[in-house]
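Presented below is the structure to which this report refers.
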Amino acid sequence: MAAKSGAVSLVLPGAAAVRSTSTAVAYGHDMTPDIEVSRDIAASPEAVFAAITDITRMGEWSPETRRAEWNEGFDHAEVGAQYTGHNQNGEKEWSIMATIVELVPNERFFFDCSFRDFVFAKWGYVIEPTDTGCRVTECTQDLRPEASKAGGESISGVADRLPHNRAGMEATLERLAAALESECRVGAADGGLS
């Protein structure tokens, strides 16, 4: 399914960071993103997939999620696995539960965020191989009804989620690229490839 009309699309600087026009990113689980951000990363799809699906590392690159941990009964990424993300924006702190809804090794990682069984946001990552590594697209869809958005602002301190999420997604992909590209340089120097 292609992005709905009005979706914000951004490709961050990087080697050959141009969105492919021949294939649209297909989104899973009825997702029509409000925002998508893409960045080329000089690391293998396997390395990127391993990093983003290790949710305990999310705090390394997300400016909002400070840490994440698997919920009881789960210790790795699989469809149906649940984890809790602990978030912070200034003085505001809150936690959300996420459930992995789609997982395709080295290609796709999608999860739903919920509160009291209401899915209020969908998030995902799509990984596409390139000649120099891969292109990672992070996407999100806000499912909150207008009436509940003021409540979200009181919890997170964020009045307008679209520009806030876009900036956070840009920062996440920049930090992810910096970490993985650094690991790849170290691995290559040691004779290995990531």
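The values are calculated or read from the model by the stated rules, or taken from the named source; none is laboratory data. This structure is a prediction, so every number in the text was calculated from the model and none was measured. Ideal geometry is used to build each Cβ from the backbone, glycine not excepted, and the neighbour counts take in all protein chains shown.
At a glance:
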read-out: Search result, residues across region 129-149 that are assigned to a helix (DSSP H, G or I) and small (Gly, Ala, Ser); value: Ala147, Ser148
read-out: Among the candidates Gln88, Gln82, residue that is over 22 Å from Leu176 (Cβ atoms) and among the polar types (S, T, N, Q); value: Gln82
read-out: Of all residues in region 39-57 being farther than 14 Å from Cys134 by Cα and surrounded by 15 or more Cβ atoms within 10 Å (Cβ to Cβ), the one that is farthest from the chain's Cα centre (by Cα); value: Arg57
read-out: Unique match (being modelled with pLDDT of 95 or more, under 15 Å from the mean Cα position of the chain (by Cα) and not in a helix (DSSP H, G or I)) among Gly80, Gly85; value: Gly85
read-out: Top-ranked residue in region 119-137 [being out of contact with any helix residue (DSSP H, G or I) (no Cβ under 9 Å at 6 or more places or on another chain) and more than 13 Å from Asp40 (Cα to Cα); ranked as surrounded by the fewest Cβ atoms within 10 Å (Cβ to Cβ)]; value: Val119
read-out: Only one of Asp34, Asp40, Asp112, Asp117 that is at pLDDT below 95, in contact with a strand residue (DSSP E or B) (Cβ under 8 Å, 6 or more places away or on another chain) and not hydrophobic (A, V, I, L, M, F, W, C); value: Asp34
read-out: Conditions (1) part of a strand (DSSP E or B); (2) surrounded by fewer than 17 Cβ atoms within 10 Å (Cβ to Cβ); (3) at pLDDT 95 or above: number failed by Ser9; value: (3)
read-out: Residue among Glu60, Glu36 that alone is of a type in the set (Asp, Glu) and either surrounded by fewer than 17 Cβ atoms within 10 Å (Cβ to Cβ) or in a loop (DSSP other than H, G, I, E, B) (or both); value: Glu60
read-out: Region 161-172 residues that are closer than 13 Å to Lys149 by Cβ, paired with ones that are of a type outside the set (A, V, I, L, M, F, W, C) and part of a helix (DSSP H, G or I) (beta carbon under 9 Å, 6 or more apart); value: Arg161/Lys149; Arg161/Gly152; Arg161/Glu153; His164/Ser156
read-out: Selected residue (criterion: farthest from Thr53 (Cα to Cα)) from residues of region 120-149 that are among the acidic types (Asp, Glu) and modelled with pLDDT of 90 or more; value: Asp131
read-out: Considering residues of region 150-170 that are surrounded by fewer than 16 Cβ atoms within 10 Å (Cβ to Cβ) and part of a helix (DSSP H, G or I) only, the residue modelled with the highest pLDDT; value: Ala167
read-out: Total residues in region 120-140, condition out of contact with any Ser or Thr (no Cβ under 6 Å at 6 or more places or on another chain) and either over 11 Å from Pro33 (Cβ atoms) or polar (S, T, N, Q) (or both); value: 12
